[in-house]
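Since the structure comes first, as structure tokens, the remarks are kept for the end.
The values are calculated or read from the model by the stated rules, or taken from the named source; none is laboratory data. In this text the structure is predicted, and so the values were computed from the model without any measurement. Cβ coordinates were reconstructed from backbone atoms using ideal geometry, including for glycine residues, and neighbour counts include every protein chain displayed. SASA here: full protein model, heavy atoms, side chains in, ligands and nucleic acids out. Shrake-Rupley method; radii C 1.70, N 1.55, O 1.52, S 1.80 Å.
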Amino acid sequence: NGTTDALVYDFVIAQAENSWLSGPTATGWIYGGDKIAAKASAKFGTVTVEYKLSTAADTEYSETLPSAAGTYTARFTVTETTDYEGLSETANFTISKAQVTIPSEDETTYTYNGQNQTYVIANSNLYTVSNNTRINAGSQKVVVSLKDSNNYEWADGSIDNLEFDFII
């Protein structure tokens, strides 16, 4: 322009568009097994991962990785700044119940002898056995119950008590 005056230019640095570089992914596991943390990475910013039961309200999210059997939602968040856009996405995953081998029935033939007799079921810290002792001739049901049916199930997928006939 032919002058020696300083030139002034106005410019704006726009907020960068953000995107996921990997994930978000949330992989389930079997109760009692190795926990698998949800994963994600973003082009810009730190990813925060929070968890809740899938049926819980959004106010129930926590950064604590769940451990009980159930279906969960992982929420992945990158907080927006003046430099880059925020991100938010969810992924569902399941912690499956661990399976317990169904105990075998006692094949013993019991005959009245005037003494306490015990219907034998293999010991386990995962279930309880009740009503398995009797003296008199007759029959009764031996009951085998899971101690924690929220996190364990029988190998057939059920959580119902098992019953065995105890006959003297």
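Assorted remarks:
- Scan of the stretch 49-61 for residues that are in contact with a strand residue (DSSP E or B) (Cβ under 7 Å, 6 or more places away or on another chain) and either among the hydroxyl-bearing types (Ser, Thr, Tyr) or open to solvent by less than 50 Å² (accessible area, probe 1.4 Å) (or both), ordered by number: VAL49, GLU50, TYR51, LYS52, SER54, TYR61
- Taken over the stretch 25-48, the criterion of being within 22 Å of the chain's Cα centre (by Cα), closer than 17 Å to THR79 by Cβ and surrounded by fewer than 16 Cβ atoms within 10 Å (Cβ to Cβ) is satisfied by THR48 alone.
- Selection count where residues are open to solvent by 80 Å² or more (accessible area, probe 1.4 Å) and not hydroxyl-bearing (Ser, Thr, Tyr), scope the stretch 62-83: 3
- Qualifying residue in the stretch 74-89 (condition: closer than 30 Å to ILE121 by Cβ and touching a strand residue (DSSP E or B) at 6+ places or on another chain (Cβ under 6 Å)): no
- Residue pairs whose Cβ atoms lie under 9 Å apart, separated by 6 or more positions or on different chains, with the first residue in the stretch 4-22 and over 19 Å from THR81 (Cβ atoms) and the second loosely packed, with under 11 Cβ neighbours inside 10 Å, are LEU7/ASN1.
- Subset of the stretch 127-168 (residues that are open to solvent by 70 Å² or more (accessible area, probe 1.4 Å), under 18 Å from VAL100 (Cα atoms) and either hydroxyl-bearing (Ser, Thr, Tyr) or in a strand (DSSP E or B) (or both)): GLU163
- Check on SER88, exposed (fewer than 15 other Cβ atoms within 10 Å of the Cβ), in contact with a Pro (Cβ under 9 Å, 6 or more places away or on another chain) and among the hydroxyl-bearing types (Ser, Thr, Tyr): no
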